[in-house]
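Visitor: Below are the structure tokens for one structure; questions will follow.
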Amino acid sequence: MEENKIQNSQTTIRTPIVIATTLVVGILIGATFFGGRRVGGDVSRSSNKFKEILTYINRSYVDSVNTDSLADYSITKMLEKLDPHTYYFPPQEADIARSQLESGFDGIGIEFNVFNDTLYVVTPLAGGPSETVGVQSGDAIIKANNNKLTGKDANSNNIFANLRGKRGTEVKLEIKRRGFKDLLKFSVVRDKIAQYSIDAAYLMEDKKTAYIKINRFTETTYDEFKQHLSDLKKQGMKQLLLDLRGNPGGYMDRATDIVDELVGGKDVIVYTDGKDARNNRKTYAGNDGMFEKGAIVVMVDEGSASASEIVSGSLQDYDRALIVGRRTFGKGLVQQPIQLSDGSELRLTISRYYIPSGRSIQKPYQKGHLENYENELDERGKSGEFFIADSIKNNPKMRFKTKGGRLVYGGGGVTPDIFVPRDTSHITKYLLELYGKNILREYALTYANTNRKTIEKQPFSAFLNNFVISDAMLEEIKILAGSSKIKFNTNEFTRSKEFIKLQIKANIARHIWQRNMKNGLNNEFYQIVFSQDPIVTTAIKQFNKAEKLEKEKKL
């Protein structure tokens, strides 16, 4: 979809670059349960001083200056003296940030990627305005309303500015399509485009384990979760594998609502504490949940932050779920979004949250010295924490007990019950270059479009079990990479070969089957990718322990 598909898909690559990107999103989104509100009041002495200086600069400074830009810079530098998650968004960035948590946005209804400085349609969303007028996967959008979208103009700000807009307004597209000499012209009327926060929800091969992957906690996450959980229960699910890896957070109340569906009793799920008593709240369980009985395993990693940590940490404190993976990010601060008069937005930290055991999962930081906080994940890597469980540095002074008496730690994320090291055996420079220039997705898209009729004749189960990436296909990928000036390396290709094959197969399936889905699920892609995922394969083996944990809790 327009708002979040500009980046390449690197679902299973856990490199520091990917994690850093994920956590930037987490910092921007935060764990929030307040709506935006405007603030006013008397201008303080300090703000008068600031206004006075800007006035003198605007009136008398020797060169022309943009005072709005100066003000934005000043605000940003001022907030650096506070905590790491108080953040200021200029108007355009504020719109994009808000859209990450909304149920939808106004646009033309495509998922796209940028390949070789060209904007390609991965798929027109089912029932959306682009599909309606005949835009197809593989189309290259050259211009929108006579504005170029290629070369240096194929950047996110320019793409969003041209493809998004008020519903009912028209976008004139000029498209290059394979097999056509001249550009094709389409008039697309923007409409409300739904976006989803659950990427996958399906019953695994054993026909009793339900897998659900939540990518963030938005307006619709709880409703999506209930619907998928209900469908899976009807299919016979007995146990739940919940995937929160790489989930940067979102709305706190959606997270606590999901916890309430999974735990019994009426105890606290989370509580907040801040300087202003109006920001202190306690959220309790109490609803008759849809899955209060049955084993649960939750997967997390260093990209799981904020609301993800409320879910995983609360379920751990309740002794309701076994946590598998790596220590989570460690964000236990709550932001209130405050919309300013010019459309910009301040995300102001107003409280800390605490999960049932009484622990805060916020990792340490020093006001005004945020570089250490921002580099903390790098330090984990240097210490070996991503690869060796004993390298996890829990604070011995922050010991807490779960309801069943198990030892857990606060002050730095949620430490998993079962540790799984990061797998980097397949990561090479050659592979990263393939991702950086979008070679794998581009090849898969072309292959799917060329062979669609043949592949669609079989059910997905047959494709899953029988389709093989041939040596001839790998040679075609090498040629495509070479045309993008990626130097072939035999040793690196050999190391990454099986992973490359897995990604191509998964992306082909995605292009074939996802186009017919209207609920945002991408089950086929994840069933293929996670067939060799070390955290998933480990988690599946832990259900006996999770079931035992649930039974012991009731004694």
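Visitor: What aspartates and glutamates sit close enough to LYS192 to cross-link, taking a C-alpha to C-alpha distance under 16 Å and skipping anything fewer than 8 places away on the same chain?
Guide: Output for LYS192: GLU2, GLU3, ASP95, GLU102, ASP106, GLU111, GLU131, GLU170, GLU219.
Visitor: List SER425, SER308, SER360, SER74 from most exposed to least, where exposure is judged by having the fewest other Cβ atoms within 10 Å. Before the final figure, lay out each step's value.
Guide: Numbers: SER425 11, SER308 31, SER360 19, SER74 14.
With the fewest neighbours first, SER425, SER308, SER360, SER74 line up as SER425, SER74, SER360, SER308.
Visitor: Sticking with this one: Rounded to two decimals, what is Rg over Rh for segment 107-194 when you use alpha-carbon atoms and the Kirkwood radius? Spell out each step's value before the answer.
Guide: Details: Rg = 11.7 Å, Rh = 12.7 Å.
Over the Cα atoms of segment 107-194, Rg/Rh equals 0.92.
Visitor: Cα convex hull of the chain: how many Å³ per residue?
Guide: Details: hull volume 99.8 nm³, N = 555.
Given the Cα convex hull of the chain, per-residue volume reads 180 Å³.
Visitor: What order, most packed first, do the peptides 212-221, 83-92 have when packing is the mean number of other Cβ atoms within 10 Å of each residue? Let's see the in-between values first.
Guide: Numbers: 212-221: 23.6, 83-92: 19.5.
Ranked from most to least packed, the peptides come out as 212-221, 83-92.
Visitor: Another question about this same structure. Quick check for segment 197-291: number of Lys pairs with alpha-carbon distance under 15 Å, counting only pairs 8 or more apart or on different chains?
Guide: Within segment 197-291, the lysine pair count is 9.
Visitor: Any idea what Rg and Dmax come out to for segment 258-412 if you just take the C-alpha atoms, in Å?
Guide: Values for segment 258-412 (Cα only, Rg and Dmax): 16.7, 51 Å.
Visitor: Could you state the number of Å between the C-alpha centres of segment 104-179 and segment 289-320?
Guide: Between the Cα centre of segment 289-320 and that of segment 104-179, the gap is 38 Å.
Visitor: Could you sort the peptides 385-396, 541-552 by per-residue average Cβ neighbour count (10 Å cutoff), highest mean leading?
Guide: Numbers: 385-396: 14.3, 541-552: 16.2.
The packing order, highest mean first, is 541-552, 385-396.
Visitor: What FRET efficiency, computed as 1/(1 + (r/R0)^6) with R0 = 45 Å and r the Cβ-Cβ distance, is obtained for THR132 and LYS234, rounded to the nearest 0.05?
Guide: Numbers: r = 32 Å, r/R0 = 0.71.
Efficiency, from the Cβ-Cβ distance: 0.90.
Visitor: How high is the relative contact order of the chain, in percent, with contacts defined as C-alpha pairs under 8 Å that are six or more residues apart?
Guide: Numbers: 1100 pairs, mean separation 89.9, N = 555.
Here the relative contact order equals 16 percent.
Visitor: Calculate the FRET efficiency for LYS551 and LEU474 from the Cβ-Cβ distance with a Förster distance of 51 Å, rounded to the nearest 0.05. Don't skip to the end; give the middle numbers.
Guide: Working: r = 49 Å, r/R0 = 0.96.
With a Förster radius of 51 Å, E is 0.55.
Visitor: Can you list the aspartates and glutamates whose alpha carbon is less than 13 Å from that of LYS497, not counting same-chain residues fewer than 8 positions off?
Guide: The reachable aspartates and glutamates, counting only those whose Cα sits under 13 Å from LYS497, are ASP471, GLU475.
Visitor: Between ALA277 and ASP342, what FRET efficiency comes out of the Förster formula 1/(1 + (r/R0)^6) with R0 = 35 Å and r the beta carbon distance, rounded to 0.05?
Guide: Numbers: r = 31 Å, r/R0 = 0.88.
For R0 = 35 Å, the calculated efficiency reads 0.70.
Visitor: Please give the Cα centre distance for segment 352-395 versus segment 484-515, rounded to the nearest Å.
Guide: Spelled out, the Cα-based centre of one part sits 34 Å from the other.
Visitor: For segment 442-555, which semi-axes, largest first and in whole Å, follow from the square roots of 5 times the eigenvalues of its Cα gyration tensor?
Guide: Working: eigenvalues 229, 85, 26 Å².
Rounded to whole Å, the semi-axes are 34, 21, 11.
Visitor: Note down the magnitude of the dipole of segment 429-534 about its Cα centre, charges +1 on Lys and Arg C-beta and -1 on Asp and Glu C-beta and zero elsewhere, to the nearest 20 debye.
Guide: Values: 16 positive and 10 negative charges, 53 e Å.
So the magnitude is around 260 debye.
Visitor: In what sequence, highest mean first, do 101-112, 139-150 appear when ranked by Cβ atoms within 10 angstrom? Walk me through the intermediate numbers first.
Guide: On the way: 101-112: 21.8, 139-150: 17.7.
By packing density, highest mean first, the sequence is 101-112, 139-150.
Visitor: What is the ratio of the Cα radius of gyration of segment 160-273 to 2.2 N^0.38 Å, with N the residue count, to two decimals? The partial results should precede the final answer.
Guide: Details: Rg = 20.5 Å, N = 114, 2.2 N^0.38 = 13.3 Å.
Rounded to two decimals, the normalised Rg is 1.54.
Visitor: Work out the length of the dipole vector of segment 107-194 about its Cα centre, built from +1 on the beta-carbon of each Lys and Arg and -1 on the beta-carbon of each Asp and Glu, and round it to the nearest 20 debye. Intermediate values should be presented prior to the final figure.
Guide: On the way: 14 positive and 9 negative charges, 39 e Å.
My answer is approximately 180 debye.
Visitor: Only helical DSSP H runs with n ≥ 4 go in: add -39500 (n - 2.57) per run for the chain, normalise by residue count and round the 222 nm mean residue ellipticity to 500 deg cm²/dmol.
Guide: Numbers: 19 runs with 210 residues, N = 555.
Helix-only estimate at 222 nm: -11500 deg cm²/dmol.
Visitor: Quick one: check the C-alpha center-to-center distance for segment 229-273 versus segment 195-223, whole angstrom.
Guide: Computed from Cα coordinates, the inter-centre distance equals 11 Å.
Visitor: Follow-up. Normalising by the residue count of segment 107-194, find the relative contact order in percent from Cα pairs under 8 Å and 6+ residues apart.
Guide: Numbers: 190 pairs, mean separation 27.2, N = 88.
Answer for segment 107-194 is 31 percent.
Visitor: Subtract the Cα-Cα distance of LYS77 and LEU54 from 0.36 nm times their separation in residues, and report this length gain in nm to one decimal. Spell out each step's value before the answer.
Guide: Values: separation 23, 0.36 × 23 = 8.28 nm, distance 1.57 nm.
Extra length from LYS77 to LEU54 when fully extended: 6.7 nm.
Visitor: Just the number, please: Stokes-Einstein D of segment 147-197 in µm²/s, Kirkwood Rh from C-alpha pairs, 4 °C, 1.567 mPa s.
Guide: On the way: Rh = 12.7 Å.
Result for D is 102 µm²/s.
Just so you know, all these numbers are worked out from the coordinates, no wet-lab data involved. For clarity, every value in this text was computed on a predicted model and none was experimentally measured. Every residue, glycine as well, gets a Cβ built from its backbone with ideal geometry; the counts of neighbours run over all protein chains shown.
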